[in-house]
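Here the structure comes first, spelled out in structure tokens, and everything after it is commentary.
The values are calculated or read from the model by the stated rules, or taken from the named source; none is laboratory data. The structure presented is a predicted model; accordingly, all values stated were derived computationally and were not measured. Heads up, the Cβs are rebuilt from the backbone with ideal geometry, glycines too, and the neighbour counts pull from every protein chain shown. Areas reflect the complete protein model, heavy atoms only, side chains present, ligands, DNA and RNA absent. Shrake-Rupley method; radii C 1.70, N 1.55, O 1.52, S 1.80 Å.
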Amino acid sequence: MRQNKGFTVVELLVSMVVLLVVLAGALQFVTAQSRTFRRGADDMAVVQNLSYGVDNLDSQIRTSGGNTTDAQPPVVYASDSVFAFNADYVSNDANDISAVYIDPDAPPEQVAGLTTALQIGIPGSAPNFNYPTQNYADGSGFNSAAETITFFFTRDASTSRTDDFLLMRQVNNQPAEVLIRNVLPDSTDLPFFRYYRLLPPAAVNLLPLLGPVPANQLPLKHTFATHGDQADTTRIDSLRTVLVSYQVTNGRTGTSERKQRISFKIPLPNMGLRMLKICGSAPVLGINLAAAAVNVAGVNKVNLTWPRAFDENSGEKDVVRYVLWRRRTAPVAEVYGDPLTSVTATGAVNYAYTDAQNVLSGSTYEYQLSAQDCSPKLSPAVTTVVVIP
């Protein structure tokens with residue numbers, strides 16, 4: 001009778017040992033891969049956190065002074081951890097031609113200048129600095145469109161670390177929002193904010209120089225209500241650059257901690273200017289505006305056409321949009337109000353816009369067109385008249 005041979009106990013033990021060795025190696029490989037992926041995810045989170053903070057600080061601080069009134073200060077308060085300034089950064093009016101960004105959902109409290117009725121203590125200021133002490137109106141008597149924006153670094157009370165900070169942003173008197181967490185002071189002992197200001201030229205016929213503001217002179221405050229006072233001009237209004245320095249971590253400690261340092265300069269191109277002037281002279285239009293009345297299915301419309309401005313594809317090449325206004329001149333005489341619309345400059349040879357907004361029969365309308373550059377400055381306007389049958 002044939003007997004079936006099997007594995008011996010020794011052979012089974014050897015097989016099990018080999019299997020365990022293979023499994024242990026595989027487990028170590030999987031663990032190492034998991035650790036690598038986790039480290040990569042932490043590194044990516046740090047970079048994204050860092051990039052988000054840099055983008056917000058750079059894009060907003062450089063607009064300091066944009067579309068402020070003559071009396072409204074560009075920079076309000078500057079310390080080693082707080083920077084407060086005025087700028088027309090956001091508007092909720094789709095026809096606003098002066099704001100940097102249009103956000104139809106922006107609350108009204110964040111798209112206009114602060115008034116004395118809504119006076120605030122600048123967050124993070126020490127001692128507390130109250131602002132504003134007067135209202136700022138434009139030439140027509142309307143409240144300034146430039147809101148007060150404050151960036152400040154403050155201790156994160158939700159962690160046990162004593163060196164963990166938050167980067168905060170506040171607009172006007174609205175609640176401050178957290179931009180980024182897990183912020184540490186700079187590893188080279190630079191403050192969060194350091195400032196460079198315009199210094200007198202070293203000699204006649206030499207250009208002014210930029211020099212750092214000594215730490216013992218901070219904080220700088222716009223102490224006079226009206227912008228342009230000599231005492232402020234030689235101090236806070238002389239600022240031209242902000243150096244921002246800090247570190248961002250992944251929120252872990254020990255060997256799991258990941259850090260990334262950033263130090264970058266933000267220019268203040270509007271400081272010392274009465275209006276935003278960063279694209280050269282006012283744009284040259286050098287074209288005519290044509291208008292033709294039509295009636296489509298019983299609806300009156302006006303077709304407006306014009307060629308591109310001289311400065312769009314030649315000259316300073318800085319035209320970013322075209323702005324249209326409309327007023328009725330008969331049977332009643334109206335004045336120009338807010339722009340009818342704006343048309344983005346796209347490099348096209350010719351542009352067109354159809355006005356169908358309450359165009360009344362038997363009326364005469366005058367349309368006005370200007371080119372606008374990135375300052376934003378407007379060119380001298382051209383006009384045309386059309387009669388609606």
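Based on this model, can you work out whether residue 58 counts as of a type in the set (Asp, Glu), surrounded by 12 or more Cβ atoms within 10 Å (Cβ to Cβ), under 30 Å from residue 377 (Cα atoms) and at pLDDT 80 or above? In short, yes. In the set 89, 77, only one residue is under 19 Å from residue 191 (Cβ atoms), crowded, with 23+ Cβ neighbours inside 10 Å and aromatic (Phe, Trp, Tyr); that residue is 77.
For the stretch 173-270, the strands (runs of 3 or more DSSP E) that sit wholly inside it and include 2 or more residues that are out of contact with any helix residue (DSSP H, G or I) (no Cβ under 6 Å at 6 or more places or on another chain), buried (at least 17 other Cβ atoms within 10 Å of the Cβ) and at pLDDT 85 or above are 177-184, 193-199, 239-249.
For the stretch 85-99, residues that are among the β-branched types (Val, Ile, Thr) and at pLDDT below 90 total 1.
Residue check: is residue 298 modelled with pLDDT of 90 or more, more than 24 Å from the chain's Cα centre (by Cα) and of a type in the set (Gly, Ala, Ser)? Criteria met by residue 298. Can you pull out the residues in the stretch 309-323 that are assigned to a helix (DSSP H, G or I) and not polar (S, T, N, Q)? Hits for the stretch 309-323 are 310, 311, 312. Of the residues making up the stretch 154-165, those that are open to solvent by 20 Å² or more (accessible area, probe 1.4 Å) and either of a type outside the set (Ser, Thr, Tyr) or under 25 Å from the mean Cα position of the chain (by Cα) (or both) number 6. Whenever a residue of the stretch 98-111 is open to solvent by 50 Å² or more (accessible area, probe 1.4 Å), its partners that are β-branched (Val, Ile, Thr), lying with C-beta atoms within less than 6 angstrom and at least six residues away or across chains, give the pairs 100/63; 101/90; 103/90; 110/171.
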